[in-house]
Amino acid sequence: MRFRSAPAFAGLAAIALAATACGGDTGDGGETTAQGELVVWTDPERADAVQAAAEQFSEANGINVSVDSVAFEDMQGDVLNAHQAGNAPDIFIGAHDWTGNLVRNGAVQPIELPQDRAALLDETSLEAMSFDGQLFGVPYAQENLFLLRNTALAPDAPQTFEDMVEVGSQLKEDGEVSEVLSMAVGQEGDPYRMNTLFTSAGGYLFGQDDTGTWDPSDLGVGTDESIEAMEQIAEYGEAGEGVIRRSITIQNYASLFFDEEAAFLVAGPWDLAGADESGIDYAISPVPGFTDGGPAQPYIGYQGFFVTEGSANSALAEEFVTTLVTDTDFILGLYEVDPRVPVQTDALESVSTDDPNVAAISEAGAEGMPMPSIPEMGETWQPLGVAQAEIIGGGDVREAMEAAAQTISEQIGE
């Protein structure tokens with residue numbers, strides 16, 4: 001993938017000063033951010049860190065940069081609504097799996113990232129924030145699932161899923177724990193977590209074309225490969241060994257580990273604060289795959305900054321994201337208020353020195369896969385989750401997966 005050169009940082013002050021003298025009309029009658037000003041939307045947790053960088057950018061370029069706080073869970077919808085109304089921000093923070101929907105709605109513009117800046121970032125993160133071969137956001141951090149284990153009960157990291165089950169089963173038999181493994185399933189299923197085992201067993205959600213772009217016409221849910229994958233997983237379900245159960249939910253999965261009722265937890269970075277508070281000695285390692293399968297592939301989520309299509313100051317907005325979002329000090333400032341694993345090499349090395357968990361989480365995601373960013377992804381969660389929960393409960397695998405595939409196909413119009 002090639003990333004074309006963006007305008008050089010030097011000299012953009014002249015662009016900003018020229019913009020200041022211009023009006024803010026887009027030419028189409030809609031309202032927009034006044035020229036001479038950039039508006040950045042971020043969530044409240046990261047607003048101060050973005051504000052500090054914005055002030056430096058403002059001083060260097062002679063343009064006012066305003067940072068507004070928007071709840072992250074509302075960000076995508078608010079941006080789309082604001083773009084339609086003609087008063088969208090110039091820049092906003094978001095998740096990579098929004099990219100397809102944002103592009104489909106014409107809400108974001110391609111970003112030309114200089115090669116020297118692209119080289120500072122994890123290549124997969126750039127691919128994740130691309131759509132149809134074009135980069136639409138500059139990533140700064142990632143998050144992924146990993147295996148958290150109680151080292152007093154399980155000193156060694158399991159190399160395979162079967163090894164983990166053997167250790168956990170022995171601990172349960174000895175009365176040390178009540179659960180072999182704590183992995184959230186619930187009555188509606190949890191495809192996000194299940195993807196680790198689903199991929200190891202050979203299942204897939206969407207195929208990819210020759211360029212690596214997700215192909216919604218290649219839906220894998222009802223294929224023989226995916227059915228066979230769920231048949232293998234079902235062996236550990238409620239009608240099998242009872243390792244994976246619907247009674248373990250998003251509400252109780254973490255407490256089972258914190259209360260030492262399970263030695264192994266399929267966890268995310270959001271669980272570490274609770275693990276620290278529990279006082280348990282723990283370690284982080286990759287979620288293990290099946291002995292006769294491929295690696296377990298956790299979904300990787302990336303976050304970064306987008307530039308809105310139609311920005312009155314698109315050159316400066318692009319300079320903001322290509323220069324600042326790849327800057328080590330800026331990334332470290334964001335990390336201090338919201339500790340996500342950086343995708344910028346120098347920042348990752350810096351935070352890993354102080355917190356070994358960061359490097360361990362990054363390593364646990366080495367075999368991961370970016371969550372598909374195509375708009376059709378949103379149609380998969382509920383049908384696939386329900387099918388997987390039914391299978392864990394002892395339901396017919398082929399029937400459940402083929403029904404899910406039919407529902408998803410109808411919803412995405414394939």
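Mind checking which of 408, 395, 321 is farthest towards the positive end of region 317-414's charge dipole, using Cβ charges of +1 (Lys, Arg) and -1 (Asp, Glu) about the Cα centre? Positive-most Cα among the choices belongs to 395. Overall, region 227-322 carries a charge dipole of about 180 debye about its Cα centre when +1 sits on the Cβ of Lys and Arg and -1 on the Cβ of Asp and Glu, all other atoms neutral. For the chain, the relative contact order comes to 25 percent (Cα pairs under 8 Å, sequence separation of at least 6). When only the Cβ of Lys, Arg, Asp and Glu is charged (+1, +1, -1, -1), the dipole of the chain relative to its Cα centre reaches about 820 debye. For region 262-414, the percent of C-alpha pairs falling in each 5 Å distance bin, counted from 0 to the bin holding the largest distance, reads 1, 7, 11, 13, 16, 15, 12, 11, 8, 4, 1, 0. Each peptide in 296-307, 108-119, 365-376 was scored by the mean count of other Cβ atoms within 10 Å over its residues; highest first, the order is 296-307, 365-376, 108-119.
For region 233-374, the relative contact order works out to 24 percent when only alpha carbon pairs closer than 8 Å and six or more residues apart are counted. Protection proxy ranking, highest mean first, for peptides 75-86, 91-102: 91-102, 75-86, where packing is the per-residue count of other beta-carbon atoms within 10 Å, averaged. Based on every Cα atom in region 46-185, Rg and the maximum pairwise Cα distance Dmax equal 22.3, 69 Å.
Other residues within the sphere of radius under 13 Å centred on the Cβ of residue 373, judged by their own Cβ, net out at -4 (K and R +1, D and E -1). For region 272-390, the solvent-accessible area of protein heavy atoms averages 36 Å² per residue (probe radius 1.4 Å; ligands and nucleic acids excluded). When only the Cβ of Lys, Arg, Asp and Glu is charged (+1, +1, -1, -1), the dipole of region 165-230 relative to its Cα centre reaches about 180 debye. Size descriptors for region 214-319: radius of gyration and Dmax over Cα atoms are 20.3, 60 Å. Taking the longest Cα principal axis of the chain as reference, the axis of helix 381-392 is set at about 10 degrees. Annotation: extensible slack from residue 292 through residue 104 equals 63.7 nm (criterion: 0.36 nm per residue apart, minus Cα-Cα distance). Per-peptide packing, taken as the mean over residues of other Cβ atoms within 10 Å, places 174-182, 379-387 in the sequence 379-387, 174-182 from highest down. The distance between label points at residue 250 and residue 151 comes to 3.1 nm (points 7 Å beyond Cα on the Cα→Cβ vector). Scaling the Cα radius of gyration of the chain by the globular reference 2.2 N^0.38 Å produces a ratio of 1.06.
Note: region 328-414, Cα convex hull, 150 Å³ per residue. Across region 308-404, Cα pairs under 8 Å and at least six residues apart give a relative contact order of 13 percent. Give me the net charge of residue 99's neighbourhood, meaning all other residues with Cβ under 15 Å from the Cβ of residue 99; Lys, Arg count +1, Asp, Glu -1. Neighbourhood net charge equals -4.
The distance between label points at residue 406 and residue 218 comes to 2.6 nm (points 7 Å beyond Cα on the Cα→Cβ vector). When the solvent-accessible area of the chain is split by element, carbon and sulfur atoms take up 44 percent of it, the probe being 1.4 Å.
The values are calculated or read from the model by the stated rules, or taken from the named source; none is laboratory data. What you are looking at is a predicted structure, and each value in this text was computed from that prediction instead of being measured. Cβ sites come from the backbone with ideal geometry, for glycine too, and all protein chains shown count toward neighbours. What goes into the accessible areas is simple: the full protein's heavy atoms, side chains included, and nothing from ligands, DNA or RNA. Shrake-Rupley method; radii C 1.70, N 1.55, O 1.52, S 1.80 Å.
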